[in-house]
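So the structure is just underneath, and the comments pick up after that.
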């Protein structure tokens, strides 16, 4: 009888820890800030009666500890990161419902598992189409002529599409971005030489914008402002390397122009 009574709290603590880790993992993998991950995990634990939970988050891992009557410490590695703010929004909504006492821990864990296993991603063709159209819009925003709109759409679409394809074939993001910028710059030069585009500089600037790591730069600054120096610096370095790969690809193409 005593053994049965003790098993339930232990299982409950483990489930709470798993729920907190799963929520943090989803946010971190899909473009959320480090301080948002830590705050969400601590709030979920507090809502389930664990007031002394601690979390330490970096871009590549999450360490979570609960110093309850049954001490629990968990570590999870983060190897893949992307941008899917819909998942971040859904996890935030579940976190609020937990804080309001509307979700039991088992139900919350089930909902988070469904979010984690779902893609919620737009089809690749739509992503490429939106990147292409946005490239043309960036061209106009940066002062380029409407005559070059379709050229920017073509170059931006081919550049973004090649990056997505290459990243699937070779799981090295910097390589995919470098080759994509090579393709983008080469297409732009061909369009200018054929007379279809007038201003090579604005076409390149507009078409390269979908590759620019804007979210990473923003998250790096916000993490630094929140005092998360390790995460802020590492995200800043990642954004710098991405920008360097893009710039190197364009510079390599222009050197042969």
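Among the residues of the stretch 49-58, some residue qualifies, meaning at least one is assigned to a loop (DSSP other than H, G, I, E, B) and at positive phi.
Please tell me if residue 251 is part of a helix (DSSP H, G or I) and surrounded by 14 or more Cβ atoms within 10 Å (Cβ to Cβ). For residue 251, the condition - part of a helix (DSSP H, G or I) and surrounded by 14 or more Cβ atoms within 10 Å (Cβ to Cβ) - is not met. Condition check: buried (at least 19 other Cβ atoms within 10 Å of the Cβ), assigned by TED's automatic domain parsing to the domain that holds residue 153 and over 30 Å from residue 147 (Cβ atoms). Does residue 207 satisfy that? Spelling it out, it is not the case that residue 207 is buried (at least 19 other Cβ atoms within 10 Å of the Cβ), assigned by TED's automatic domain parsing to the domain that holds residue 153 and over 30 Å from residue 147 (Cβ atoms).
So if I check each of 128, 133, 172, which one is crowded, with 18+ Cβ neighbours inside 10 Å, within 24 Å of the chain's Cα centre (by Cα) and not assigned by TED's automatic domain parsing to the domain that holds residue 22?
Of the residues listed, the single one that is crowded, with 18+ Cβ neighbours inside 10 Å, within 24 Å of the chain's Cα centre (by Cα) and not assigned by TED's automatic domain parsing to the domain that holds residue 22 is 128.
Screening 157, 101, 143 for residues that are touching a helix residue (DSSP H, G or I) at 6+ places or on another chain (Cβ under 8 Å), within 15 Å of residue 209 (Cβ to Cβ) and in a loop (DSSP other than H, G, I, E, B) leaves exactly one candidate, 143.
Scanning the stretch 197-220 for residues that are over 19 Å from the mean Cα position of the chain (by Cα) and farther than 17 Å from residue 159 by Cα gives 198, 199. The residues on offer are 81, 86, and the sole one that is part of a helix (DSSP H, G or I) and farther than 14 Å from residue 18 by Cα is 86.
Of the residues in the stretch 177-184, none is assigned to a helix (DSSP H, G or I), farther than 30 Å from residue 85 by Cβ and in contact with a helix residue (DSSP H, G or I) (Cβ under 8 Å, 6 or more places away or on another chain). Determine whether the stretch 72-84 contains at least one residue that is in contact with a strand residue (DSSP E or B) (Cβ under 7 Å, 6 or more places away or on another chain) and at pLDDT below 85. For the stretch 72-84, residues in contact with a strand residue (DSSP E or B) (Cβ under 7 Å, 6 or more places away or on another chain) and at pLDDT below 85: present.
The values are calculated or read from the model by the stated rules, or taken from the named source; none is laboratory data. In this text the structure is predicted, and so the values were computed from the model without any measurement. Heads up, the Cβs are rebuilt from the backbone with ideal geometry, glycines too, and the neighbour counts pull from every protein chain shown.
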